[in-house]
Amino acid sequence: MDNSEQNHSSHDPENGYTGRCHHEELGDFTATPRMLPISALAIGIGVLCAYVALALLRLIGFFTNLFYYGQWGSKLISPAGNHLGWYSVLVPVGGGLIVGLMARYGSERIRGHGIPEAIEAILINGSRVEPKVAVLKPVSSAIAIGSGGPFGAEGPIIMTGGAFGSMIAQLFHLTNAERKTLLVAGAAGGMSATFAAPVASVLLAVELLLFEWKPRSLIPVALASIVADVVRRYILGYGPMFPVPAHSLHIGALSVLGCVLCGLLAGCLSALLTLSIYKVEDGFQKLPLHWMWWPVIGGLAVGLGGMIFPQALGVGYDTIGAMLQGSVTGKVILGVLLVKWFIWAVSLGSGTSGGVLAPLLMMGGALGGLEAMFLPHEGAGFWPLISMGATLGGTIRAPFTSVVFAFELTHDSSILLPLLIGCMVSHTFTVLTLKRSIMTEKVARRGYHLSSEYAVDPLEILFARDVMRTKVAVLPAESTLGEYQNLINHRQSQRLLPVVDGDGFLVGVVTRGDLHKRVEQEGEGALRQPLCKLVRQETVEAFPGEPLRSVVYRMAEKQVTRMPVIEADTRKFVGLIALDDLLKARARHLEEEKRREQVLSLRFFLPGGGGQEATEEQDRTAS
């Protein structure tokens, strides 16, 4: 075969490879040493995010002091104690105007509560975030919250930390997957530094942002979260963020049922909160105004709500703490549940900048305060804490994150089982009643769907030997083309023809198109040539014990649709695998999902029912 033919044969989607592939030993994970430099970058990002979190909290305190008290200071303070009277209504209106202007003339990416924007950057923008977002997002969020916006700092810090992680990744020659890892590392580091919750931050990253559970991403993200929490201890102090009274490790049967009820009610609240946000957003879409003006309207709602119930303004960390201490009145509970909900839904639906985790905790705690009035007494703050975790878990669809998050916020280990019950019941309710969560609805509205389910890919557990074809046409290497001309001219579905020697070892592959072209070019002379002289010796090969996932990746990489299957050590030809054979794995998985069968019969447990007759009955049932 001349050089021109070799070059032509090195890249043909119908045949074998551009180069031989060596059989790789299978392992539990696909991690490579490349993970180490990425981890080193993640550590640096964790340090940076701790100081970014500090700066954001100081900015929120600065704008709160400036807008409501006319003083310079960066200490977090509640807007509820201001003495502005009716003038306080204008403060969030002005804050909304500033945020709207920043979004229109700075970057529209600063709108929203942060996590959906991070998801969108990962899925749609190749984990690339504009550098200006790293500056505009925290400033706009600080203005929105400092002017009374009923938001938390966690959403903005997640987006801001992610922006810094993405910026650092863009400075280096990294892949899309590596940029995603560093973006999520920044998000986890920011949340860890804000709440002193390093484990929950990693879980949040896995359940909402990474879309995978692999060491290549998990380890760098965990390192960033750990380092951010360690640095936080020196610049912001230790946790817990919300200390609670000690609760008993043992709860009675009635309290267990109470946790179930608590989870169910929290699931209802989660669904209503999610629906309210997007109903308000749909309402704003119908207004004959540019979206730049929407935060002004949202600010007006915040200002009016603040006049009715001032504790609904701002991040509300002090109110959350008071609920967990059991030191709030029924009036405060109703005010949080109704007024906070209203101004939060309207302002967030208007497109301003702010986080949702702290408001969800606050409204969930208020629901728990109501439940504490009729559920068994298990100590101060017990039911508000359970309801907080359950509301968070049901709304963001991250139940394990919510359990660990509530624990890290309070350091109350005796609450883990009740939290797990409440969060799982709430999660069950929302996944059955809502197609999408508050985090994914915005992404879906932009035309993108993502699945939050983790499952073993059937291509991971099936091998080439399970789907390969063994009854295929094979050509002897020493035979001439003329001896098999009739076979080659006969119409068959097999387009790739393996050529083997006398012992069955693969010599190469050839296609029907190759042979027809050779005959057209050389005429009768081609018919006298042995097939071993006509094959493509550099082939793309698969191995019997190779997972189908690897086969699919190789097909995509080399742009081929069929491959010979050979034994890795001897190169003995054992079969042929094509792209449509891979559908067998999906078909088997679909059958397992839908086929119902009674594997064990009740007769098995009856006297004399466990013999051959029962086994035959089970076989008939399965078939």
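Tabulated values for the structure
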| quantity | calculated |
| --- | --- |
| Tally, over segment 309-325, of residues that are crowded, with 17+ Cβ neighbours inside 10 Å and in a loop (DSSP other than H, G, I, E, B) | 5 |
| Total residues in segment 292-318, condition of a type in the set (Val, Ile, Thr) and modelled with pLDDT under 90 | 1 |
| Enumeration of residues in segment 69-85 that are surrounded by fewer than 19 Cβ atoms within 10 Å (Cβ to Cβ), in contact with a helix residue (DSSP H, G or I) (Cβ under 7 Å, 6 or more places away or on another chain) and not in a loop (DSSP other than H, G, I, E, B) | Ala80 |
| Subset tally (residues that are exposed (fewer than 12 other Cβ atoms within 10 Å of the Cβ) and either touching a Gly at 6+ places or on another chain (Cβ under 6 Å) or modelled with pLDDT under 70 (or both)) for segment 493-531 | 5 |
| When residues of segment 95-115 are limited to those that are buried (at least 17 other Cβ atoms within 10 Å of the Cβ), closer than 12 Å to Gly351 by Cβ and not basic (Lys, Arg), the one modelled with the lowest pLDDT | His113 |
| Hits in segment 332-349 - residues which are at pLDDT below 90 and not hydrophobic (A, V, I, L, M, F, W, C) | Gly349 |
| Some residue of segment 86-96 being aromatic (Phe, Trp, Tyr) and within 24 Å of Leu304 (Cα to Cα) | yes |
| Test result for Val184, modelled with pLDDT of 85 or more, surrounded by fewer than 23 Cβ atoms within 10 Å (Cβ to Cβ), within 22 Å of Leu54 (Cβ to Cβ) and outside the structural domain of Ala301 (by TED's automatic domain parsing) | no |
| Sole residue being assigned to a helix (DSSP H, G or I) and in contact with a Gly (Cβ under 8 Å, 6 or more places away or on another chain), chosen from Val431, Val346, Val404 | Val346 |
| Set Ala134, Ala153, Ala169, Ala142: member being in contact with a Phe, Trp or Tyr (Cβ under 7 Å, 6 or more places away or on another chain), hydrophobic (A, V, I, L, M, F, W, C), closer than 26 Å to Ala103 by Cβ and in contact (Cβ under 8 Å) with a residue 40 or more places away in the chain | Ala142 |
| Flag if His377 is out of contact with any strand residue (DSSP E or B) (no Cβ under 6 Å at 6 or more places or on another chain) and either modelled with pLDDT under 85 or in a helix (DSSP H, G or I) (or both) | no |
| Qualifying residue in segment 352-370 (condition: outside any helix (DSSP H, G or I) and either farther than 25 Å from Ile438 by Cα or hydroxyl-bearing (Ser, Thr, Tyr) (or both)) | yes |
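The values are calculated or read from the model by the stated rules, or taken from the named source; none is laboratory data. As the structure is a prediction and not an experimental result, all values here were calculated from the model. FYI the Cβ positions are ideal-geometry reconstructions off the backbone, even for glycines, and counts take in every protein chain you see.
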